[in-house]
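Take a look at the structure set out below.
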Amino acid sequence: MGCASSKKADSKANRVARWRSTGIVALRDSKLKTFPDEVLELDRVVRTVDLTHNKIVDVPVEINKLINMQRLILSENLIECLPMNLGKLQSLKVMTLDGNRLSGLPDELGQLVRLEQLSVSRNVLTYLPETLGSLRNLKLLNASNNQLKYLPESIGSCFSLEELQANDNSIDDLPPSICNLVHLKSLSLDNNKVKEMPATILRDCKVLQSISLHNNPISMDQFEQMEGFQEFEARRRKKFDKQIDSNVMMNSKGMDQGVDT
């Protein structure tokens, strides 16, 4: 027993030493039920935490100690809520929370001003906080497979947003402010209840080149009559042609088909 205990202690010590050396904590598929205390004790050292596919229910308030963390990946757990002091993680650039049980996100999310990627798909979110608009560096937002009925008006202030995924929700209307997203390239809204798009989205979002609207009430005729459709179609075709060329050169089998309505 003493020998086994000693080996376990050595293993833990070696693991912590490795984390301290690399700044990377990777504990995927480790059958964890709680956030490891030894990770929190490393505070300023940690750059990446990946606890994918465990059984973690709570994210401790002490997570605010990890002030230099840039990537937080907690996919495929049992997390129901996030601590309000999450906003103190001012270095965070990537946060992935797919496949949990989140019904809401704290308003303090808007304090993560360096955040570039936020993925919260496959939860039970009924809304996104208005403070989302404070994320001026956000480039990717994935909120697919939730219970959203709308997107917040403040989303139009996420000026860096390039890709917005909100498939498989109950969204029936898009806020007019979405037309402010001048860097938006891809918009995915499959399996929602969208009846019409903001009138000037194709005109104002001048780099938008991919829209997916499968299984929505909006018709292709409505879409084609929107202001800026011809210019959008030209961008879509240009992107598609480039993908075909790349496919021929690389002999790849998978291609994005571009706009779908």
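Bear in mind these aren't lab numbers, they're just calculated from the coordinates by the rules spelled out. Since we're looking at a predicted model, the values are computed, not measured. As a convention, Cβ positions derive from the backbone with ideal geometry for all residues, glycine included, and neighbour counts pool all protein chains shown.
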- Item | Extension gain (nm, one decimal) between residue 17 and residue 153, 0.36 nm per residue minus Cα-Cα | 44.4 nm
- Using the reciprocal of the averaged 1/r over all distinct C-alpha pairs, how large is the Kirkwood radius of the range 11-250 in Å? 19.2
- Item | Helix-only CD estimate at 222 nm, as mean residue ellipticity for the chain, using -39500 (n - 2.57) per DSSP H run (n ≥ 4) | -6500 deg cm²/dmol
- Inter-part gap, Cα centre of the range 158-175 to Cα centre of the range 37-97, in whole angstrom, is 25
- On a 0 to 90° scale, report how tilted helix 2-22 is relative to the longest principal axis of the chain, with both axes built from alpha carbons and the result rounded to the nearest 10. 40
- Note on the structure: Simple SL model, points at 7 angstrom along Cα→Cβ for residue 222 and residue 26; separation in nm is 4.6
- Mind checking the angle between helix 229-250 and the chain's longest principal axis? C-alpha axes, 0 to 90 degrees, to the nearest 10. 50
- Relative contact order (percent, whole number), the chain, Cα cutoff 8 Å, 6+ residue spacing: 9
- Item | Ranked by how many other beta carbons lie within 10 Å on average, peptides 220-232, 192-204 from highest | 192-204, 220-232
